[in-house]
Amino acid sequence: MKGKGYRSNVAKAVWIVIVHLAAVAAVICAAFFVMIYQTGIRLDDRGKSYIQSEGFRERLNSRGTDILESLSAKEDINYLTNAGSSAVIDLAEFKEKEINRDSLRELSFKNTSGVAYSVKDLLEWAQDWAGVGERYDDGGSFGDIGQFIQCKTSDGSSHYFNLNDFKKLVTDGLLKVNYDQDIMEEYDDSYETKFAEKTEKQKIDAAIELGYWSDSDSRSLGSITDKEHNTEYPEFYLQEIWCFTEEFKPQGAESLPDAVNSSTEWNGKLEDAYSELAKVLDCIRTVQDDINVSDCAISLTSVYHTSGDYEEGSTNLTYLFADKEKKTIYTNRKAYSSYSQLEQNLEKIFKEKAYAVVYPELSECVTNIPDADLQVWNHTIDQSFDTKDFVFAVSVDTKFSVADSMADEAENYETYSKLMFPMLAGAIFGSVLWLIGMVWLTVTAGRKPKDEEIHLNGFDRWYTEIAAGAVIGIWLAGTIISGTLIANSSLGYSHAVVTVIVTCLICGTYTMAWFLIGYLSLVRRIKAGTLWKNSLIRTVLKWIGKCSGKLSDFARAFSRNTAEKIKVLLVGGAFLFLQFLIIGCGFTGAGVFLIILLIVDAAAVIFIIRKADGLDLIMDGLKKISDGELQYKIKTDTLTGKQKVMAEYINNIGSGLDAAVENSLKKERMQTELITNVSHDLKTPLTSIINYVDLMKRENPTDPKIQEYLRILDEKSQRLKVLTEDVVEASKASTGNIKLEMNDIDFVEMVQQVIGEFEEKFQEKNLTMMVHFTDEPSIIYADGQRMWRVLENVFGNVVKYAMEGTRVYAEISNRNKKVTFSLKNISAQPLNISADELTERFIRGDVARNTEGSGLGLSIAKSLTELQGGEFKLYLDGDLFKVMITFAAKN
């Protein structure tokens, strides 16, 4: 087709290649941008040297903070080491002050509570404790649950025994256990061997077992006496306490439980003591771990030692920390270790191209590193060191003569900082080009130049879910395989850049290929409308629907007239129960017979219910036909036998009745047309009679008799004309053969105009109008001309038939979104007919028919009102005659 070449397969292939290249390029550029960003390089660093970059400033701040924390930790360890051989850490003091690594120097190193450990032992213990902590972090066990016997004295104090030690004391006879009588009786009730027949060790195990499974967590196992049977402990309990192996002893005791037994403050708090000891070891271990710069304090004797990551000769960073109060120096440069040459050394640092020097006052701090924030270092020193007079200086050899991490960072910066913006631009351009290509492929998917139809390939005709699963599964499997091959490749990629390029190229191309296969197939399915139509779920649902069709029909049948069907089931269920009861009493071992009988009975029940449902369908059909739905047909699909024949007869009866009604309506229409045609034929000679009477009157005859004859002819001919016109209009109104011009009408205003037209006629009949109209807007949607005729007929009816000297009430109300007009008067003649008869054609209120009415006025008014969507009703109460006309209010 001309102008549709962009839909060709060649054009699509070109755009598929472009989309692949754009996607892979965007991914590679984006990956490089993220990698460069993670190295600390920012877009704002363009045109700046590494020393001026944000990444250099952040890393220098981090290194300086690490150095200060390490030096602080070293001071803490030095403080503990120099505390003396008699120095101890009291657990109660440690707990009370909530000591942490920043306040170890606040300890008094005295044993105040009776539970304390040597500082020297704790320093050595903490070295091994670090290994336990690492095993705990890896998910291993940290500590264990130990079993202790807690004995309580009469004054409420406690004494702890290790369970094994307690058993030995009892077995050796040093302690005598008097077991609780309830425990003995409970054991005798549960086991064959009596409690009294067991050995002392077995009794302990049995008592502990019963006490462990007790509902009470504090169940006393009995009392303990010494060899002289003096009661030492009225109660004792089994306690499971978290603990760990003690590598060192507390001061003045063999173990922590012994120290707790002797301490007034820790008595009865063994688990708390173990927990607090663990906190002490954790605190010391943390300080030791923070010493990653192992520099010793340098005194006036200039003893110098350094090791670690910042050792002289292995780093481009130089640091110097001087405590002017203690006159000590920490540094990684031997040349800067002399306190007496501090100022000269600082001058050397000031000559470096990148330096930062921190003093106690922030205003005195100096640096030549752009935007360097030295407040963090100042705050760290204030929190970690016991000095108010210090200087901390850091400088960097910007030539990076040492191949350390800073040199690598500088080299990476020089290499990649220039690539950051091109990578971002490439990612954006590739993404935009990919998006344009995807839009183009989406528009042309399934289209060919020769026509406008949607063309599907073989893959598009697969079930939707199977196709999606195949695409995702193959893509996932290929991605895992390619990723594994790349990870295990022996190509020896020496740089992460090569790995990124290869990974993005292979995985990106592979992923994009399968994405396009799945996406374009999805687009073609949506355009062709087969996404759901060719769905496996839809197919399964349709199959289930077909399989369950019979069951659904049965369920729907049961839902109709459910009460009757329940009665049938109850009767049938009672019969089946008696049947099986009799069979069960008379036969044994007849399992197969019972199953067959059950199947037969179930089929019988279903048959009965279906028959009952057939009767319901027939009853419903009869009811609807009797209510006037003559076109209703009973469905005979589910009926069988005589029920089906009966339903067909009923359907035929309905068709016959419908034909009879149609015939009756046809006759009525013929009568109406006959009246219309006859009335039309009468109008021509009637018009001639009226015209000739008028011509004779113009001759001015002098004979009084002739004048009287002419007057009577004129009146009768005019009445016959009105009657003929009314007949025609009544016929048109009843058949709806009137063209309406509907508009918004102010009903109150129209009624007032009609009352004005009839004012003289009301005065002639001595009728008094009583008007009550609403003040609200009463707008209706009707034909103004036809509505005027309705009101004219209604008020004309009042003039003709109302009793002289009475009142006539006219009222208009606007309620519930309806406008209602009512007109009430007293009839001059007795009303011995119903209100419905008065709206019939040629029915008049005076049976003697002495008035000049035709009997068509109200019938015409009703028909015209209903044609306009209104409601026309008459009410009779004795001689009271009331007309009500209702229309929907127009908002």
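The values are calculated or read from the model by the stated rules, or taken from the named source; none is laboratory data. Please read all numbers here as calculations on a predicted model, not as lab measurements. Every residue, glycine as well, gets a Cβ built from its backbone with ideal geometry; the counts of neighbours run over all protein chains shown.
Here are a few things to note about the model shown:
- In the range 101-120 there is at least one residue matching the filter, namely being over 30 Å from residue 413 (Cβ atoms), outside any helix (DSSP H, G or I) and of a type in the set (Lys, Arg).
- Of all residues in the range 366-377, none satisfies being over 50 Å from the mean Cα position of the chain (by Cα) and charged (D, E, K, R).
- Qualifying residue in the range 52-61 (condition: loosely packed, with under 14 Cβ neighbours inside 10 Å and modelled with pLDDT of 80 or more): yes
Quick grid of which residues meet (1) in a loop (DSSP other than H, G, I, E, B); (2) of a type in the set (Gly, Ala, Ser):
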| residue | (1), (2) |
| --- | --- |
| 10 | no, no |
| 14 | no, no |
| 22 | no, yes |
| 83 | yes, yes |
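- Members of the range 245-254 that are of a type in the set (Gly, Ala, Ser) and under 59 Å from the mean Cα position of the chain (by Cα): none
- Filter pass, residue 62 being without any contact (Cβ under 8 Å) to a residue 60 or more places away in the chain and closer than 28 Å to residue 116 by Cα: no
- Scan of the range 158-186 for residues that are surrounded by 13 or more Cβ atoms within 10 Å (Cβ to Cβ) and in a loop (DSSP other than H, G, I, E, B), ordered by number: 175, 180
- Looking only at residues of the range 87-110 that are of a type in the set (Asp, Glu) and modelled with pLDDT of 80 or more, we find that the one that is surrounded by the most Cβ atoms within 10 Å (Cβ to Cβ) is 90.
- Filtered residues of the range 38-50 (kept if at pLDDT 85 or above and outside any loop (DSSP other than H, G, I, E, B)): 50
- Enumerated strands (runs of 3 or more DSSP E) restricted to the range 211-298, each holding at least 1 residues that are within 30 Å of residue 318 (Cβ to Cβ), assigned by TED's automatic domain parsing to the domain that holds residue 149 and modelled with pLDDT under 85: none
- Boolean, residue 84 is surrounded by fewer than 18 Cβ atoms within 10 Å (Cβ to Cβ), within 23 Å of residue 405 (Cα to Cα) and not basic (Lys, Arg): no
- Among the residues of the range 51-81, none is identified as acidic (Asp, Glu) and either in contact with a Cys (Cβ under 7 Å, 6 or more places away or on another chain) or assigned to a loop (DSSP other than H, G, I, E, B) (or both).
- Test: residue in the range 189-198 that is surrounded by 13 or more Cβ atoms within 10 Å (Cβ to Cβ), among the charged types (D, E, K, R) and either modelled with pLDDT of 70 or more or not assigned by TED's automatic domain parsing to the domain that holds residue 226 (or both): yes
- Among the candidates 624, 633, residue that is under 15 Å from residue 648 (Cβ atoms) and either surrounded by fewer than 17 Cβ atoms within 10 Å (Cβ to Cβ) or in contact (Cβ under 8 Å) with a residue 40 or more places away in the chain (or both): 633
- Residues that are in contact (Cβ under 8 Å) with a residue 40 or more places away in the chain and of a type outside the set (A, V, I, L, M, F, W, C) do occur in the range 500-509.
- Selection from the range 794-825 of residues that are surrounded by fewer than 18 Cβ atoms within 10 Å (Cβ to Cβ) and in contact with a strand residue (DSSP E or B) (Cβ under 8 Å, 6 or more places away or on another chain): 803, 806, 807, 809, 811, 813, 817, 818, 822
- All positions within the range 343-365 that are surrounded by 15 or more Cβ atoms within 10 Å (Cβ to Cβ) and either β-branched (Val, Ile, Thr) or not in a loop (DSSP other than H, G, I, E, B) (or both): 345, 346, 348, 349, 354, 355, 356, 357, 358
- Restricted to the range 466-487, and to residues there that are among the hydroxyl-bearing types (Ser, Thr, Tyr) and surrounded by 12 or more Cβ atoms within 10 Å (Cβ to Cβ), the residue that is nearest to residue 521 (Cα to Cα) is 479.
- Within the range 234-250, the set of residues being more than 21 Å from residue 114 (Cβ to Cβ), buried (at least 17 other Cβ atoms within 10 Å of the Cβ) and of a type outside the set (Asp, Glu) comprises 236, 237, 238.
- Residue check, residue 323 buried (at least 20 other Cβ atoms within 10 Å of the Cβ) and at pLDDT 70 or above: yes
- Answer from 406, 423 - the residue that is buried (at least 17 other Cβ atoms within 10 Å of the Cβ), at pLDDT 85 or above, within 11 Å of residue 315 (Cβ to Cβ) and not polar (S, T, N, Q): 406
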